[in-house]
Amino acid sequence: GENVEQHPSTLSVQEGDSAVIKCTYSDSASNYFPWYKQELGKGPQLIIDIRSNVGEKKDQRIAVTLNKTAKHFSLHITETQPEDSAVYFCAASGTGRRALTFGSGTRLQVQP
Amino acid sequence: DSGVTQTPKHLITATGQRVTLRCSPRSGDLSVYWYQQSLDQGLQFLIQYYNGEERAKGNILERFSAQQFPDLHSELNLSSLELGDSALYFCASSLQGVTGELFFGEGSRLTVL
C-alpha cells in the first residue's frame with residue numbers, strides 16, 4: 001500500500017519567516033495530495049490540495065509543489081504568523097483507493 | 001465548525017471493557033471515515049463506509065468494528081480494550097470520496113486504564 005513520509009517532525013520559525021514541510025510517497029498511482037492543519041483540541045482541516053496534473057498551486061501565503069517524477073510534494077508557508085502554529089499533515093491518495101494515507105505530521109511553531 | 005459531530009468527547013474506561021463512539025456526518029455527506037491518532041502519531045485509517053456499506057478497510061483490529069446506519073450516522077465499537085487502544089478517534093465525512101475534502105469532527109479521546 002501507500003506509504004507517506006513527512007519531514008521535519010518539528011519546525012520552529014520566527015514570525016515573518018517562511019516554513020517548508022516536505023513529504024514523499026511510494027505509490028506512483030497516487031494522484032491527489034492534500035494538506036491538513038490540526039490546531040490544538042480540534043480535528044484536522046484541509047488547507048490546500050493539489051492533483052497530479054498540476055505542478056504547483058498557491059493560495060495567498062500557502063503554496064504546494066508536486067514533483068511526480070521524484071514522488072515528493074512540499075508545503076510552503078510564507079510570512080508566517082503565530083496563528084500558523086499547529087500540526088500539519090500531508091496525505092496521498094489515488095483513484096480506486098478509498099482512503100487517504102497521512103504522513104506523521106509536522107509540529108510548526110511560529111515564534112512572535 | 002466542520003459540521004461533523006462526535007460523541008463522547010472524552011471517555012475513560014478500564015482494560016477489557018467495550019465502548020462505542022458515535023459520529024454524525026455533515027448533512028448530505030454519504031461517506032464516513034474513522035481514523036485513529038495515537039500520541040504524537042499520524043492519522044491511521046481504520047475503516048470507511050459509504051451510504052451504509054463498508055467500502056474500505058485499513059489497519060482496523062478484529063476487536064474493533066463499525067457500522068453506518070440508514071440515517072448515515074456511524075458507530076465505532078471497540079472491545080476487549082487494551083492500554084494501547086488509548087488514542088484520539090476521529091470521524092470524517094465527505095461528499096466526493098477521498099479525492100475531495102474530508103471534514104473531520106473534533107474527535108473522541110479514549111483513555112484505557
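The values are calculated or read from the model by the stated rules, or taken from the named source; none is laboratory data. If you're wondering where the values come from, they're calculated on a predicted model, not measured in any experiment. A quick note on method: Cβ atoms are made from the backbone with ideal geometry, for glycine too, and the neighbour counts reach across all protein chains shown. Only protein heavy atoms, including side chains, enter the accessible area calculation; ligands, DNA and RNA are left aside. Shrake-Rupley method; radii C 1.70, N 1.55, O 1.52, S 1.80 Å.
Quick notes on this one:
- Point-to-point label distance, B:Asp71-B:Asn51, nm (Cα→Cβ direction, 7 Å offset): 2.1
- In the elastic network of chain A, a GNM with C-alpha springs shorter than 10 Å, the most mobile of A:Thr69, A:Thr24, A:Thr101 is A:Thr69.
- Accessible surface of the protein assembly as shown [probe 1.4 Å, protein heavy atoms]: carbon and sulfur percent: 45
- Check: the protein assembly as shown dipole with +1 on Lys, Arg Cβ and -1 on Asp, Glu Cβ, in debye: 340
- Computed on protein heavy atoms with a 1.4 Å probe, the accessible areas place A:Tyr25, B:Tyr50 in the order B:Tyr50, A:Tyr25, largest first.
- Nearest-0.05 FRET efficiency for A:Ser26 and B:Thr111, computed from C-beta distance (R0 25 Å): 0.15
- Protein heavy-atom accessible area occluded, A/B pair - total, 1.4 Å probe, Å²: 1600
- What separates the Cα centres of the stretch A:35-51 and the stretch B:1-37 is a distance of 18 Å.
- Exposure of A:Glu15 as accessible area (Å², to 10), given a probe of 1.4 Å and all protein chains: 100
- Charge dipole magnitude, Cβ of K and R +1, D and E -1 - chain B, Cα centre, debye nearest 20: 160
- Within a Gaussian network of chain B (alpha carbon springs, distance under 10 Å), most fluctuating of B:Gln37, B:Gln17, B:Gln67: B:Gln17
- Förster radius 25 Å - calculated FRET efficiency between B:Thr13 and A:Leu46 (Cβ-Cβ, nearest 0.05): 0.20
- Selected from A:Ser30, A:Ser93, A:Ser12 as most flexible by GNM, with chain A as the system and alpha-carbon contacts under 10 Å: A:Ser12
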